[in-house]
């Protein structure tokens with residue numbers, strides 16, 4: 001296989017979903033602060049660490065000018081979802097025209113901002129070893145995020161019911177999943193309630209002394 005062919009096969013686009021209305025949080029989740037960074041900034045900082053990711057896409061609401069400005073600062077591509085109430089799958093479908101047909105998709109919901117950089121590194125590394133497999137982090141009992149969907153999943157995003165969501169692709173193709181075991185408990189933590197958000201804030205406070213002593 002030629003080098004260019006191999007690189008083309010392993011093309012990877014990140015897709016961050018942030019079009020939800022965040023009714024339980026009182027404001028868009030992507031602009032909530034954890035430490036000194038918003039959810040959106042935390043995710044972008046991790047995505048930018050990987051040269052394997054050739055494009056960064058973000059699907060949000062048209063009125064989210066702060067989100068659009070943040071994405072533009074990092075050369076990301078913004079796609080607006082005029083009907084976010086239709087769910088995450090509607091955002092994925094809107095993003096597909098901006099994603100190369102031969103590209104895999106690293107799918108990252110915005111309410112999982114605490115996933116570690118090393119966790120993402122391992123997910124990408126495992127995907128590169130088996131690029132035709134759906135690469136899913138897992139704690140051994142429950143699947144988490146982010147998930148890498150190979151290019152062959154593209155038509156499935158258009159075929160499955162909006163109410164089912166991307167998880168149905170996993171249910172339809174259990175033999176084509178590469179589970180990556182991880183002890184990063186944030187892969188399964190949705191920060192979509194005030195209680196979950198408080199848990200993340202408290203965890204960061206507990207980590208602060210250890211970080212300061214290491215500096």
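Okay, here's what the table says:
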quantity: Meets criteria (closer than 24 Å to residue 162 by Cα, in contact (Cβ under 8 Å) with a residue 12 or more places away in the chain, touching a strand residue (DSSP E or B) at 6+ places or on another chain (Cβ under 8 Å) and buried (at least 16 other Cβ atoms within 10 Å of the Cβ)) for residue 79; calculated: yes
quantity: Test result for residue 131, exposed (fewer than 15 other Cβ atoms within 10 Å of the Cβ), more than 30 Å from residue 204 (Cα to Cα) and modelled with pLDDT of 95 or more; calculated: no
quantity: Residue match in segment 63-81 (condition: more than 17 Å from residue 154 (Cα to Cα), part of a strand (DSSP E or B) and within 14 Å of the chain's Cα centre (by Cα)); calculated: no
quantity: Single condition residue 57 does not satisfy, out of (1) under 18 Å from residue 153 (Cβ atoms); (2) without any contact (Cβ under 8 Å) to a residue 60 or more places away in the chain; (3) under 13 Å from the mean Cα position of the chain (by Cα); (4) not in a strand (DSSP E or B); calculated: (4)
quantity: Wholly within segment 85-202, strands (runs of 3 or more DSSP E) carrying at least 1 residues that are over 25 Å from residue 29 (Cα atoms); calculated: 104-109, 134-138, 177-181
quantity: Tally of residues being touching a residue at least 24 places away in the same chain (Cβ under 8 Å) and either over 21 Å from residue 190 (Cβ atoms) or out of contact with any helix residue (DSSP H, G or I) (no Cβ under 6 Å at 6 or more places or on another chain) (or both) across segment 146-156; calculated: 7
quantity: Candidates 32, 89, 12 - the one that is over 29 Å from residue 152 (Cα atoms), touching a helix residue (DSSP H, G or I) at 6+ places or on another chain (Cβ under 8 Å) and surrounded by 13 or more Cβ atoms within 10 Å (Cβ to Cβ); calculated: 32
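The values are calculated or read from the model by the stated rules, or taken from the named source; none is laboratory data. Since the model is a prediction, treat every value here as computed from it, not as a measurement. With ideal geometry, Cβ positions are generated from the backbone for all residues, glycine too; neighbour counts draw on all protein chains shown.
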